[in-house]
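The values are calculated or read from the model by the stated rules, or taken from the named source; none is laboratory data. Note that the structure is a prediction, hence the values are computed from the model and not measured. As a convention, Cβ positions derive from the backbone with ideal geometry for all residues, glycine included, and neighbour counts pool all protein chains shown.
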Amino acid sequence: MSDPVIYFSITIAALIVLLHLWAVISVFRSDKSVGTKTLWALLIWMFPVIGLVIWGIAGPLGYTQGPSSPEHSK
């Protein structure tokens, strides 16, 4: 293999790993139940690319928005 192909492959793999970690962290930061979080995390870990696609379409709906303390809401 040529060097550009190897570098491209490494870049794609690194992006998938970073997206994977971000998705799992986002799942555990959501306000869903523990069972739902567990199922999403298992789906993402067992099927990395397909799980990311499914999570990207259906998953990130339960984020808690807003200030982190009453002081920030003034």
Quiz item: For region 21-31, which residues satisfy the criterion of being touching a residue at least 24 places away in the same chain (Cβ under 8 Å) and touching a helix residue (DSSP H, G or I) at 6+ places or on another chain (Cβ under 6 Å)?
Solution: Ala23, Val27
Exercise. Just give me the residues in region 9-28 being surrounded by fewer than 12 Cβ atoms within 10 Å (Cβ to Cβ) and more than 16 Å from Gly56 (Cβ to Cβ), in sequence order.
Key: Ser9, Ile10, Thr11, Ile12, Ala13, Ala14
Quiz item: Name the pairs: first residue in region 8-20 and free of Cβ contacts under 8 Å to residues at least 24 places away in the same chain, second residue loosely packed, with under 10 Cβ neighbours inside 10 Å, Cβ to Cβ under 9 Å, at least 6 apart or on different chains?
Solution: Ser9/Met1
Self-check item: helices (runs of 4 or more DSSP H) lying entirely in the chain (those with 3 or more residues that are modelled with pLDDT of 90 or more)
Solution: 3-29, 34-46
